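What follows is a short report on a single structure.
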Amino acid sequence: MFALKRVLSAVPQSTSLCVSHFSACHCLKTSRKRSPYSSVDSERYSSLVKSVMSSKVSSQTPETLQAEDDHIYGPVVKAQTPTRPEVRGPKTLHPFLNCEETVETEEPESGPPARISLKRGQGRSFVPSVTRILQQTLSPEQIFYLERWKRRMIAELGEEGFKEHSQNLFRQGKLLHSALEDILTSGAAWKNRDPSETPEYPPEVRGYLESISHILEDVSAVRAIESTVQHATLNYLGIVDCVARYRGVLCVIDWKTSDKPKPFLSNTYDNPVQVAAYAGALNNDSNYKYQVENGLIVVAYKDGSPAHAHQLSSELMSEYWKTWLLRLEEFTEKRASHASSTLPEKR
């Protein structure tokens with residue numbers, strides 16, 4: 001008894017208070033939480049489950065599912081394999097190269113580049129130009145985008161402003177070609193030039209010249225400048241900007257100007273077809289004793305940013321030559337149709 005008193009006296013007072021207020025009866029009398037399933041008729045639910053589980057349901061097969069889908073959605077219609085549009089080729093595949101001439105692999109003899117002037121008359125008055133043929137055989141899509149660009153420019157600049165803008169572009173192009181003719185016929189390599197001795201060119205073309213300066217460093221052995229070429233068999237002509245070697249490869253070079261960057265060949269639209277047409281005419285023109293298989297399109301920018309040079313390999317030139325033959329056939333057919341419609345009827 002004495003030992004029990006000592007133990008009780010050692011317990012803290014706060015603990016004794018908690019124990020004194022604990023009631024086991026209170027916990028036993030707490031109400032139990034009511035289950036939501038307590039009101040369910042368990043016997044009836046049990047019999048319902050047994051009846052469902054005892055019944056056998058036949059499983060459907062793929063055939064029955066297919067029949068059911070056909071009944072609901074109709075029979076399956078197999079999609080047809082898409083057919084690719086037929087690529088039309090020219091009716092007559094005229095050769096791109098003249099077999100009687102050989103392709104030069106060596107540097108040509110020194111001498112001034114050829115410049116054959118265009119002389120209308122002497123049988124050339126009815127020979128269409130490459131530019132005219134391409135303009136009159138534009139696709140509906142090309143016409144749409146060209147007209148949309150023209151409408152936007154007129155909306156921005158007005159009729160007179162657009163006319164003046166077009167004239168300025170034409171004048172700048174002529175000035176650039178004139179400056180390039182002076183540079184390429186001087187005989188001195190552009191990369192070896194003395195800047196102090198370089199003539200002053202018009203302000204309108206200085207940016208363009210700066211743009212193509214890195215291209216001019218790789219141009220050598222100039223064979224022709226602003227020279228007329230004519231294909232006697234196919235009856236068309238054109239004026240090539242330049243025939244020279246670019247990085248050692250003889251090319252028909254076409255100089256272009258643009259306000260917008262054209263980093264890809266596809267950005268140049270019909271220019272590759274134009275270059276192929278010039279090369280094909282040159283290869284079949286008796287005034288030129290060599291053959292050209294490659295092309296180069298140089299796009300210069302007025303702000304002086306580096307020009308883009310698009311090289312056309314002999315394989316690409318052959319493909320664009322086929323496209324040119326198609327455009328030429330279309331032009332010839334249109335002209336023949338127009339001529340027959342304008343003939344006076346016989347009485």
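Yes/no matrix, rows are residues, columns are (1) open to solvent by less than 70 Å² (accessible area, probe 1.4 Å); (2) in contact with a strand residue (DSSP E or B) (Cβ under 6 Å, 6 or more places away or on another chain); (3) under 23 Å from Asn271 (Cβ atoms); (4) modelled with pLDDT under 90:
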| site | (1), (2), (3), (4) |
| --- | --- |
| Gln122 | no, no, no, yes |
| Pro128 | yes, yes, yes, no |
| Arg132 | no, no, yes, no |
| Glu141 | no, no, yes, no |
| Trp149 | no, no, yes, yes |
| Asn168 | yes, no, yes, yes |
| His177 | yes, no, yes, no |
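For (1) under 20 Å from the mean Cα position of the chain (by Cα); (2) open to solvent by 10 Å² or more (accessible area, probe 1.4 Å); (3) not hydroxyl-bearing (Ser, Thr, Tyr), each residue gets a yes or a no:
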site	(1), (2), (3)
Val243	no, no, yes
Cys251	no, no, yes
Asn267	yes, yes, yes
Ala279	no, no, yes
Asn283	no, no, yes
Asn287	no, yes, yes
Val292	no, no, yes
Val298	yes, no, yes
Gly304	no, yes, yes
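Here are Lys346, Lys322: which of them is basic (Lys, Arg) and at pLDDT 95 or above?
Just one listed residue meets the conditions, Lys322.
May I ask you to list the residues in the range 211-223 that are open to solvent by 10 Å² or more (accessible area, probe 1.4 Å) and either among the hydrophobic types (A, V, I, L, M, F, W, C) or under 13 Å from Leu180 (Cβ atoms) (or both)?
Of everything in the range 211-223, those that are open to solvent by 10 Å² or more (accessible area, probe 1.4 Å) and either among the hydrophobic types (A, V, I, L, M, F, W, C) or under 13 Å from Leu180 (Cβ atoms) (or both) turn out to be Ser213, Val219, Ala221, Val222.
Is it the case, given these coordinates, that Ser341 is open to solvent by 60 Å² or more (accessible area, probe 1.4 Å), of a type in the set (Ser, Thr, Tyr) and more than 26 Å from Ile116 (Cβ to Cβ)?
yes
So which residues in the range 224-241 are open to solvent by less than 50 Å² (accessible area, probe 1.4 Å), closer than 21 Å to Arg132 by Cβ and of a type in the set (Val, Ile, Thr)?
Thr228, Val229, Val240
With the checklist (1) under 15 Å from His231 (Cβ atoms); (2) without any contact (Cβ under 8 Å) to a residue 40 or more places away in the chain in hand, flag the one item Val292 doesn't pass.
(2)
The values are calculated or read from the model by the stated rules, or taken from the named source; none is laboratory data. If you're wondering where the values come from, they're calculated on a predicted model, not measured in any experiment. All Cβ positions, glycine included, derive from the backbone under ideal geometry; neighbour counts span all protein chains shown. What goes into the accessible areas is simple: the full protein's heavy atoms, side chains included, and nothing from ligands, DNA or RNA. Shrake-Rupley method; radii C 1.70, N 1.55, O 1.52, S 1.80 Å.
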